[in-house]
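*Asks:* This is the structure I have questions about; it appears just below.
Coordinate-derived values only; no laboratory data. All figures in this text were calculated on a predicted structure; none of them were measured in a lab. Note that we place each Cβ from the backbone using ideal geometry, even for glycine, and neighbour counts take in every protein chain shown.
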Protein chains: 2
Amino acid sequence: PEEDPSLPKIYVITPTYGRPEMIPELTRLGQSLLLVPRLHWIIAEDSYNCTDIIIDLLNSLGSPYTYLLSPMPKGYREKKGAKPKGVSNRRAALDWIKEHGNDQDVLYFLDDDNTVNVKLFDEIRFTKRVSMFPVGFIGDYRVSSPIVKKDKSLDFMIVGMVQKIAVDMGGFAVNVGFLREHVNATMPYMAGYEEDGFLKSLNISLNDIEPKAEICTKILVWHTKTSKNKPTSVNISKHTDDNIIGLVKNMKKLTVIK
Amino acid sequence: PEEDPSLPKIYVITPTYGRPEMIPELTRLGQSLLLVPRLHWIIAEDSYNCTDIIIDLLNSLGSPYTYLLSPMPKGYREKKGAKPKGVSNRRAALDWIKEHGNDQDVLYFLDDDNTVNVKLFDEIRFTKRVSMFPVGFIGDYRVSSPIVKKDKSLDFMIVGMVQKIAVDMGGFAVNVGFLREHVNATMPYMAGYEEDGFLKSLNISLNDIEPKAEICTKILVWHTKTSKNKPTSVNISKHTDDNIIGLVKNMKKLTVIK
């Protein structure tokens with residue numbers, strides 16, 4: 001798409017980790033993001049080593065990206081119970097944006113298995129502090145959304161969340177200058193409290209929140225989940241003179257075959 | 001993308017049916033297809049009535065499409081056991097293509113939950129008879145693929161299928177002229193035999209098959225599956241003066257809320 005350099009840039013932060021569905025997920029998400037002008041994709045992988053197939057995909061998509069390695073600290077990885085997934089990744093991306101972004105730019109967290117209607121990016125591009133909007137397929141109500149009322153001054157006021165569910169990670173966007181103003185802003189290593197903790201560290205009040213997506217009545221992003229495929233092992237000893245050797249080699253890179 | 005009218009058109013045939021994930025699935029697939037020049041998307045819904053949210057989505061995507069209603073015949077719908085899903089849809093699309101397509105054009109079946117790397121369309125665009133290529137996430141081998149050997153004339157020959165699994169619906173593309181030459185070609189109403197039955201009705205021999213995707217060593221399409229979200233019912237009697245009424249109204253259209 002054509003690039004207007006005066007347009008605020010949108011940084012999309014996508015944590016990822018190795019599994020058979022990783023490349024398909026990044027492929028379909030990345031293809032959607034190609035439709036959006038002035039978008040910079042930050043892929044932060046939970047890994048100590050670069051993964052060639054991610055780099056190959058990003059290069060073949062051909063749009064601006066930054067690829068970060070951001071492994072979960074060992075202490076959390078070895079902890080029992082719910083782990084703070086993606087926190088290390090998102091922290092690394094926040095640090096990168098604070099160093100490289102402009103104050104007018106905007107950041108948005110988008111997991112690799114989520115589904116986004118690219119019209120969302122028109123909604124959030126001019127975020128002054130924090131935009132919020134509904135996310136589909138969350139909890140008993142099948143949605144996470146701010147509750148928005150008109151107030152006397154005819155602006156809109158967020159009065160709470162549907163079912164008092166925490167804001168979902170895909171349910172808000174933040175202005176980079178606003179992030180910078182809050183030097184201690186960070187995401188806590190606490191499973192289930194990542195979003196709330198981050199927003200609290202930004203010290204936001206209800207007046208800072210800009211309701212988007214037709215005053216939080218439309219769903220432009222969904223927390224879709226993809227069924228997992230277990231890596232398998234196969235015996236290819238019979239295939240000495242055909243394509244299966246090459247196919248299996250490629251499937252091993254995808255971690256579909258052990 | 002720029003359109004070269006001499007380029008063969010690709011007809012992508014996508015059967016769909018009403019469920020909470022329908023619009024997210026069509027959104028992310030449709031966004032990927034927007035990247036492909038000379039592509040015409042045929043969405044055939046298993047329904048007796050037009051679904052406004054599909055038409056709205058297709059119009060907002062803004063690329064060429066045809067929307068067909070093609071309900072499963074009542075006899076099959078009421079049958080116990082595995083149903084021939086999507087057959088009526090694909091038959092309707094084949095009829096439409098036979099009437100409107102040009103002989104140089106190509107058709108490809110792509111379910112709404114599948115993941116495609118758009119490079120696949122470069123591979124299949126000049127299909128002379130039938131192209132074949134691997135599909136990820138099928139069966140014990142996690143792939144459906146032709147087995148391809150070099151033969152004496154240094155062309156390639158397909159000698160079978162990995163694990164003798166039937167060809168997957170997303171694993172082949174057909175030239176429209178070749179389809180027309182086979183006036184009795186059709187897809188049978190037989191669960192699990194749809195692909196094989198269709199290819200047999202095209203009377204193809206091994207010499208008709210063109211192996212694609214680097215001689216069937218790369219996976220450019222995956223049979224991903226999305227977890228289902230059950231429609232829920234909600235009590236919104238408390239929400240008389242906020243956005244939740246409008247949000248729930250939109251979620252009812254999506255069939256996410258009953």
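*Asks:* Not counting the cut sites, what is the longest span of chain A without GluC sites (Glu not before Pro) that DSSP labels loop and that have at most 15 other Cβ atoms within 10 Å?
*Replies:* Value returned for the longest uninterrupted segment is A:79-258.
*Asks:* Each label point is 7 Å from the Cα along the Cα-to-Cβ direction; what then is the distance between the points at B:Tyr76 and A:Ser6, in nm?
*Replies:* My value for the distance between the label points is 5.7 nm.
*Asks:* Within the set of other residues whose C-beta is less than 9 Å from the C-beta of A:Val234, count the net charge using Lys and Arg as +1 and Asp and Glu as -1.
*Replies:* So the surrounding residues net to +1.
*Asks:* Report the local net charge at B:His223: Lys and Arg +1, Asp and Glu -1, summed over other residues whose C-beta lies under 10 Å from its C-beta.
*Replies:* -1
*Asks:* In whole Hz, with x marking every Gly and Pro, tabulate ³J(HN,Hα) for the stretch B:126-143 from phi via Karplus 6.51 cos²θ - 1.76 cosθ + 1.60, θ = phi - 60°.
*Replies:* For the stretch B:126-143, the Karplus-derived couplings read 9, 4, 8, 10, 9, 8, 9, 6, x, 10, x, 6, 10, x, 5, 7, 6, 7 Hz, x marking Gly and Pro.
*Asks:* Determine the percent antiparallel among the DSSP beta bridges restricted to chain B, to the nearest 5.
*Replies:* Taking every DSSP beta bridge with both residues in chain B, the antiparallel ones total about 40 percent.
*Asks:* How far apart, in nanometres, would the label points at A:Lys249 and A:Ser205 be if each is projected 7 angstrom from Cα along the Cα-to-Cβ direction?
*Replies:* Going by the 7 Å Cα→Cβ label model, 6.4 nm.
*Asks:* If we hang a label 7 Å off Cα along the beta carbon direction at B:Asp241, how far is it from the matching labels on the other copies, in nm, shortest first?
*Replies:* Reported distances to equivalent positions: 8.3 nm.
*Asks:* Same structure again: If you take each beta carbon of peptide B:210-219 and count the beta carbons of other chains within 10 angstrom, what is the mean?
*Replies:* Partner Cβ neighbours, averaged per residue: 4.
*Asks:* A 18 angstrom limit on the alpha carbon distance is what I want to check against. Which of A:Lys98/A:Lys128; A:Lys228/B:Lys252; A:Lys80/A:Lys230 exceed it?
*Replies:* A:Lys228/B:Lys252; A:Lys80/A:Lys230
*Asks:* Between copies, how far does the label point of B:Ala82 sit from its twins, in nm, shortest first, when each point is 7 Å from Cα along Cα→Cβ?
*Replies:* 3.9
*Asks:* Here's a follow-up. Taking amide hydrogens as modeled 1.01 Å from N in the peptide plane, which residues meet the under 5 Å criterion relative to B:Thr226, leaving out close sequence neighbours?
*Replies:* Here the answer is A:Ser227, since their amide H atoms fall under 5 Å of that of B:Thr226.
*Asks:* Next question, about the same structure. How far, in nm to one decimal, is A:Lys119 from itself in the other copies if the label point is set 7 angstrom along Cα toward Cβ? Shortest first, please.
*Replies:* 3.2
*Asks:* Given the DSSP H assignment, sum -39500 (n - 2.57) over each helix run of at least 4 residues in chain B and divide by its residue total; what's the result at 222 nm in deg cm²/dmol, nearest 500?
*Replies:* -8000 deg cm²/dmol
*Asks:* Skipping prolines and chain starts, which residues have an amide H placed within reach, meaning under 5 Å, of the one on A:Ala44, given they are 5 or more residues away or on another chain?
*Replies:* Excluding prolines and chain starts, which carry no amide H, the hits are A:Thr14, A:Thr16, A:Leu68.
*Asks:* Hey, another quick one. Gaussian network model of chain B, Cα springs within a sub-10 Å range: biggest mean-square fluctuation belongs to which of B:Trp222, B:Trp41, B:Trp96?
*Replies:* Its mean-square fluctuation being the largest, the pick is B:Trp96.
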